[in-house]
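No lab work stands behind these numbers, since they all come straight from the coordinates. All values reported here derive from a predicted model rather than from experimental measurement. Here the Cβ positions follow ideal geometry from the backbone for every residue, glycine too, while neighbour counts run over all protein chains shown.
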Amino acid sequence: MRIDIISVVPALMSSFFEHSICKRAIQSGLVDVQLHDLHDYSSKKFRQVDDYPFGGGAGMVIAIEPLSTCLDHLLAQRSYQDIIFLSPDGQCFNQSMANQLSLSENLLFICGHYKGIDERIREKYVTKEISIGDYVLSGGELAAAVCADAIIRLLPGAIGDESSALTDSFQDGLLAPPVYTRPASFRGMNVPDVLLSGHEKNIEAWRHEQSVKRTQERRPDLLQ
C-alpha cells in the first residue's frame, strides 16, 4: 500500500511515522508513506499557499492553484482508490471505514488548514471526506495520522499477532472486553477465575458477555 499526504505543515506528522507499528510497517515494505509539502507547489514569491476568501470574512483559505498543481502531479504518477479530504463536516471515521480503506492499494489524504480549501478542489478531486469527530482542529494533520494508523495496523504483517486486530473494539460492533495480565492477584484485586480456568469455550463466552455488558454501559448507541 502507498499513502500520500498533502499538508501545509508536514513536519507535524513526520515523527509520527518514525515509531511503533507504523515505523515497522514502513521498514518492512508493507506501506510506503509519502508526505508532500504544499508550499513546494506554490508559484508565489514567498511560497504562499493561502489567500483571502471571496465575500470577506475571517480567516484564510488554502488556494486552488498550489493544491491543484500538487494533485495533478501525484495523479500523473498513479491512480488512487480514494482522494480523501480531512474535514469536520466529513463522514465520521470508524472501524468499518478503516477496514475498507485497508484494502486499497493507493490512498491520498489532503489535510485542510486555516478555514479550509477552495471548494472547487472538493468538487473536482475529492472522492471521500472524513472527520474524526465533532470538533475542529487547527489542521487535518492529526486526523490524517489517526486514519493512517488505523489503516496501517490492519495490513497483514503489521502486527505480530494478526488475530489481535480482529479482536479490537468495534470489529464486531461491540467494545472489547476487559483484559488482565500477571500477577493474578494484586493488592486484593483478583483476575476473574474463568480466565485462569484454561477452558477456552467458557473464556470466549465470558469475553462476549463482558463485551455486550461494556457496550450497553458505555456505548449503547452501538447496539442500536
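Quick check on segment 49-117: what does the Kirkwood estimate of hydrodynamic radius come out to from the alpha carbon pairs, in Å?
13.9 Å
Read through the labelled values (1) 18.0, 55; (2) 26.2, 104; (3) 21.5, 70 and report the label of the one computed as Rg and Dmax of the Cα atoms in Å from the structure.
(3)
Distance between the C-alpha centers of segment 27-68 and segment 178-224? Whole Å please.
Between the Cα centres of segment 27-68 and segment 178-224 lies a distance of 47 Å.
What is the ratio of the Cα radius of gyration of segment 167-223 to 2.2 N^0.38 Å, with N the residue count, to two decimals?
Details: Rg = 12.6 Å, N = 57, 2.2 N^0.38 = 10.2 Å.
The reported ratio for this selection is 1.23.
Per-residue ellipticity at 222 nm for the chain, helices alone: DSSP H runs ≥ 4 residues times -39500 (n - 2.57), over residue total, nearest 500 deg cm²/dmol?
The helix-only estimate for the chain comes to -10000 deg cm²/dmol at 222 nm.
By how many degrees, 0 to 90 and rounded to 10, does the Cα axis of helix 141-152 deviate from the longest principal axis of the chain?
Helix 141-152 and the main axis of the chain meet at about 50 degrees.
Return one number: the angle in degrees, 0 to 90 and rounded to the nearest 10, between the long axis of the Cα atoms of helix 64-75 and the longest principal axis of the Cα atoms of the chain.
In the chain, helix 64-75 runs at an angle near 60 degrees to the longest axis.
So how strong a dipole does segment 167-223 carry about its Cα centre when Lys and Arg Cβ are +1 and Asp and Glu Cβ are -1, to the nearest 20 debye?
Computed about the Cα centre, the dipole is about 240 debye.
Within straight cross-link reach of Lys128, meaning Cα distance under 30 Å, which lysines are found once same-chain residues fewer than 8 apart are removed?
Reachable lysines: Lys23, Lys44, Lys115.
Please name which of Tyr135, Val191, Trp206 has its Cα lying farthest along the dipole of segment 103-224 towards the positive end, using unit charges on Cβ (Lys, Arg +1; Asp, Glu -1) and the Cα centre as origin.
Result: Val191.
Treating the angle as unsigned and between 0 and 90°, give the value, to the nearest 10°, between the Cα long axis of helix 200-218 and the longest Cα principal axis of the chain.
50 degrees
Would you please put 21-29, 58-66 in order of how densely packed they are, using the mean number of other Cβ atoms within 10 angstrom per residue and starting with the highest? Let's see the in-between values first.
Numbers: 21-29: 14.8, 58-66: 16.4.
Output ranking for 21-29, 58-66: 58-66, 21-29.
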